[in-house]
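Notes follow once the structure below has been shown.
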Amino acid sequence: MREVSRTLEHFNNLVEMFFTRAAEGGDKPFLWGKRDGAWVATSWAEAARQVASLATGLRAIGLQPGDRVMLVSENRPEWCISDLGIMAAGCVTVPAYTTNTERDHTHIIENSGARAVIVSTNKLARTLLPAAIRASDAKIIIGIEDVRISQGGPLECHGWHKLIADHPADPATVAAQATFARSDLACIIYTSGTGGSPRGVMQHHGAILHNCAGCAAVISEDFGWGDEVFLSFLPLSHAYEHTGGQHFSISLGGQIYYAEGLDKLAANIEETRPTIMFVVPRLFEVLRTRITKTIEKQGGLPATMLKVALDVGARDYEGRLRWRDRPRQLAVAALFKPRIAQRFGGRMKAMVSGGAPLNAEIGLFFHSLGLTFLQGYGQTEAAPVISCNRPKAGVRMDSVGPPLADTEVAIAEDGEILVRGELVMHGYWRNEAETARVLRLDPAAPEKGPWLHTGDIGIIDEAGRIRITDRKKDIIVNDKGDNVAPQKIEGMLTLQPEIVQAMIYGDRKPYMVAVLVPDPDWVQEWCAKGGAQCDFKRLEENSAFRTALGEAVERVNKDLSVTERVRRFILADGAFAIENEQLTPSLKIRRHVLKQVYGERLDALYRAG
């Protein structure tokens, strides 16, 4: 393994960083994908050859520096190679979610002015092609697999592998041609749109490199930098995985495994034994439930040890361990925590949670099991990492840690979190009005660049850690002018075994109401115990069923202020999901969509008396 310093070298662009790491890595494995049930590696040298050849091929078919190239693919080695090849050609990557509708693709292709599209499979092409054919600027379609087009119309079609094979190139030569500056545009990442149409965030090379250097300092100084292994499963079209799971891994010379999917994630973790994982809170809410249920069903010693681990872990976190807790702590460390560690591969340094607020109870649960769980904070507009908890600074579950190195954070008079530094975007693509709204220069120090107005409300504690209290635009103001933070209440509700998802409602209303999605496993258990039919329409009208859910709500209400308490609720028609556009691809609820679906029924709760 190469000798690494405590900080990254200064790179001018992401392409330079990749080719430098590839030259160091040589024939060592870099990208792993599963084929026919076995993990197969692409070496650093082979990846560099493919990136160089793809870049040469893209230029050969007429793409010019600055042209936008849309990338639609599930996580796989070809995603990384395509992204780097686009950038090495001097073009700009425009990632798009595989869950996008034809309407979503149309908006992104038209808004970005993409001249070419790389798509992985025929299935994904079926949604994409109608939008590409109608687009004003799109001229080229490149299929990673065999993409069948009966009539391409204005589109010029190419095979991804053939494009690489027909344009062999020397990586060193292509690397030398990558003379882009840190301020040059690298990609346009469209926000997942919790409040409307996605906007294209212009991320420059320096913004992502700033993130990589800041995160590398956390790993190096708090854990020690070694042979890092990443498991990529969050969508690479999301800024969090694009920077954290891909470019950050490259910056460390790490290996990247691409998970087979959420349903196989637990098995993939045990197989690949990652050292670092980027996760979203929703995943760990699910894992917490599964781990708890599995151990409780085993009963006996495992169930007892879980209870002891959670009790001792909470006392340890709060700094109030008693002398009689020491033997229990040793027993948990010897008999219980190693078994949990093996379920996560046995060499996990840290799991970094981002993309949405983490309920402190979830973080404490995994802390008690002996797993290092770091909550971070960021936005696509900041490339995206702004801060991260650090063990050496003292991890607090109610904070998102101190800012990354060379990142300024301030709190505005109204409590809004402001961010300044190289990580801040250059603006929204073709959207000057929105850019002017969120990026504002300080007249006293214009040379430092604009402040990013995050739209989040928070404070900075005495240790320099950021604590987020809520989304500025999500704050509910009741009819008496009291502020209510919905995410806090929603997080508390979804910790109840009866409730898997929730949305709070009550702006300019006398009290809070909610839409609840009952937990499917709990519903099955409730029906089995009571002999009721598990027909959801009937259950919705079952008074005993609603009473049981109401008891879960009341447990939460006991820990809430009078203004925060949920007085009434309705049941959702089904789970909030990406497919019905009620969740973003990073699993945050889309409030504007849910209000459209359930607004009338929620308003009716206030008229019921």
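The values are calculated or read from the model by the stated rules, or taken from the named source; none is laboratory data. Being a predicted model, the structure only gives us computed values, none of them experimental. Using ideal geometry, Cβ is built from the backbone for each residue, glycine included, and neighbour counts are taken over all protein chains shown.
Okay, here's what the table says:
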read-out	value
Subset tally (residues that are of a type in the set (A, V, I, L, M, F, W, C), assigned to a loop (DSSP other than H, G, I, E, B) and at pLDDT 95 or above) for segment 223-235	0
Selected residue (only one of Phe536, Phe576, Phe545 is of a type outside the set (Ser, Thr, Tyr), surrounded by 19 or more Cβ atoms within 10 Å (Cβ to Cβ) and over 16 Å from Tyr505 (Cα atoms))	Phe545
Of all residues making up segment 182-212, the number that are modelled with pLDDT of 95 or more and either polar (S, T, N, Q) or crowded, with 22+ Cβ neighbours inside 10 Å (or both)	17
Pairs with Cβ under 6 Å, 6+ apart, first in segment 389-418 and within 22 Å of Tyr317 (Cα to Cα) and touching a residue at least 60 places away in the same chain (Cβ under 8 Å), second part of a loop (DSSP other than H, G, I, E, B) and of a type in the set (Val, Ile, Thr)	Asn389/Val395
Selection count where residues are within 16 Å of the chain's Cα centre (by Cα) and either under 22 Å from Lys488 (Cβ atoms) or modelled with pLDDT under 85 (or both), scope segment 353-383	14
Residue match in segment 246-262 (condition: touching a residue at least 40 places away in the same chain (Cβ under 8 Å) and either in contact with a His (Cβ under 6 Å, 6 or more places away or on another chain) or among the basic types (Lys, Arg) (or both))	no
Thr99 under 30 Å from Gln582 (Cβ atoms), hydroxyl-bearing (Ser, Thr, Tyr) and not in a loop (DSSP other than H, G, I, E, B)	no
Strands (runs of 3 or more DSSP E) (entirely within segment 1-78) containing at least 1 residues that are of a type in the set (Gly, Ala, Ser) and surrounded by 14 or more Cβ atoms within 10 Å (Cβ to Cβ)	29-35, 38-43
Members of segment 489-516 found to be in a helix (DSSP H, G or I) and of a type outside the set (A, V, I, L, M), listed by number	Glu490, Gly491
Contacts under 7 angstrom Cβ, first residue in segment 123-138 being without any contact (Cβ under 8 Å) to a residue 24 or more places away in the chain, partner of a type in the set (Gly, Ala, Ser) and surrounded by fewer than 22 Cβ atoms within 10 Å (Cβ to Cβ), 6 or more apart	Ile133/Gly153
Qualifying residue in segment 467-488 (condition: part of a strand (DSSP E or B), in contact with a Ser or Thr (Cβ under 9 Å, 6 or more places away or on another chain) and crowded, with 20+ Cβ neighbours inside 10 Å)	yes
Residue among Gly355, Gly345 that is in a loop (DSSP other than H, G, I, E, B), surrounded by fewer than 22 Cβ atoms within 10 Å (Cβ to Cβ) and in contact (Cβ under 8 Å) with a residue 60 or more places away in the chain	Gly345
Per-region count, segment 108-124, residues crowded, with 22+ Cβ neighbours inside 10 Å and touching a Gly at 6+ places or on another chain (Cβ under 7 Å)	2
Test: residue in segment 483-495 that is among the aliphatic types (A, V, I, L, M) and in contact with a Pro (Cβ under 9 Å, 6 or more places away or on another chain)	no
Strands (runs of 3 or more DSSP E) enclosed by segment 114-161 - at least 3 residues per element that are within 19 Å of Thr98 (Cα to Cα)	116-119, 140-143
Any hit, segment 510-528, residues being in contact (Cβ under 8 Å) with a residue 40 or more places away in the chain, surrounded by fewer than 20 Cβ atoms within 10 Å (Cβ to Cβ) and either in contact with a His (Cβ under 8 Å, 6 or more places away or on another chain) or farther than 29 Å from Thr294 by Cβ (or both)	yes
Residue match in segment 301-324 (condition: surrounded by fewer than 16 Cβ atoms within 10 Å (Cβ to Cβ), of a type in the set (S, T, N, Q), assigned to a helix (DSSP H, G or I) and out of contact with any strand residue (DSSP E or B) (no Cβ under 6 Å at 6 or more places or on another chain))	yes
